[in-house]
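Peer 1: Input: one structure, supplied below.
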Amino acid sequence: MGKADRALPECTHGVTLRGKETILLAEDNPDILSMTKLMLEGQVAQLLLQSNHREAIRLAREHAIEIDLLITDVVMPEMSGLDLVKSLLDLYPNFKHLFTSGFAADIIAHNGVFDERVNIIQKPFGIKNLAAKVREVLD
């Protein structure tokens with residue numbers, strides 16, 4: 001069984017990510033980047049990883065395929081997640097985004113992201129919650 005054929009662990013209770021989407025993940029914490037990569041790997045057509053927003057922008061500009069979803073931390077050095085989303089809208093006007101945060105709602109609001117229409121998942125998150133939220137945002 002190859003990576004692409006691997007099923008999600010039982011703990012997802014029927015939630016599946018498997019699809020044709022390309023996800024760009026921008027996360028400055030190497031442990032969270034690695035953990036999220038493991039959760040998503042093999043479940044989407046392509047997973048692009050970057051540890052900072054500047055590199056995420058560079059990768060998005062060089063990437064030949066449409067990016068369907070950006071998963072980014074709300075608070076990162078040099079640029080907020082919201083600023084990253086705004087900078088990618090010219091390249092990918094139809095892409096969706098999911099913010100991650102380990103901060104309280106007041107910190108998130110200070111970074112301009114707090115709104116009930118904004119897709120956000122609180123850290124720490126597990127594979128079940130991440131899979132459900134990613135599928136919800138993509139669908």
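The values are calculated or read from the model by the stated rules, or taken from the named source; none is laboratory data. Small disclaimer: the values here were computed from a predicted structure and weren't measured. Cβ: placed from backbone, ideal geometry, glycine included. Neighbour counts: every protein chain shown.
Rundown of residues vs (1) under 22 Å from Lys20 (Cβ atoms); (2) modelled with pLDDT of 85 or more; (3) touching an Asp or Glu at 6+ places or on another chain (Cβ under 8 Å), yes/no style:
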| position | (1), (2), (3) |
| --- | --- |
| Ile71 | yes, yes, yes |
| Tyr92 | yes, yes, yes |
| Phe99 | no, yes, yes |
| Ile108 | no, no, no |
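Peer 1: Also, I was wondering about something else. Return only the number of the condition from (1) modelled with pLDDT of 90 or more; (2) surrounded by 18 or more Cβ atoms within 10 Å (Cβ to Cβ) that Glu55 does not satisfy.
Peer 2: (2)
Peer 1: With respect to the numbered conditions (1) surrounded by fewer than 18 Cβ atoms within 10 Å (Cβ to Cβ); (2) modelled with pLDDT of 90 or more; (3) more than 19 Å from Val134 (Cβ to Cβ), which one is the sole condition not fulfilled by Ile32?
Peer 2: Answer for Ile32: the failing condition is (3).
Peer 1: Considering only region 85-99, state which residues are more than 18 Å from Leu40 (Cβ to Cβ), surrounded by 13 or more Cβ atoms within 10 Å (Cβ to Cβ) and either of a type in the set (A, V, I, L, M, F, W, C) or touching a Phe, Trp or Tyr at 6+ places or on another chain (Cβ under 6 Å) (or both).
Peer 2: Answer for region 85-99, where residues must be more than 18 Å from Leu40 (Cβ to Cβ), surrounded by 13 or more Cβ atoms within 10 Å (Cβ to Cβ) and either of a type in the set (A, V, I, L, M, F, W, C) or touching a Phe, Trp or Tyr at 6+ places or on another chain (Cβ under 6 Å) (or both): Val85, Leu88, Leu91.
Peer 1: Separate question: Output the residue which, of all residues in region 35-49 that are surrounded by fewer than 18 Cβ atoms within 10 Å (Cβ to Cβ) and in contact with a Gly (Cβ under 9 Å, 6 or more places away or on another chain), is nearest to Ile67 (Cα to Cα).
Peer 2: Ala45
Peer 1: Can you name every residue in region 35-50 that is at pLDDT below 90 and hydrophobic (A, V, I, L, M, F, W, C)?
Peer 2: Those that are at pLDDT below 90 and hydrophobic (A, V, I, L, M, F, W, C): Val44, Ala45.
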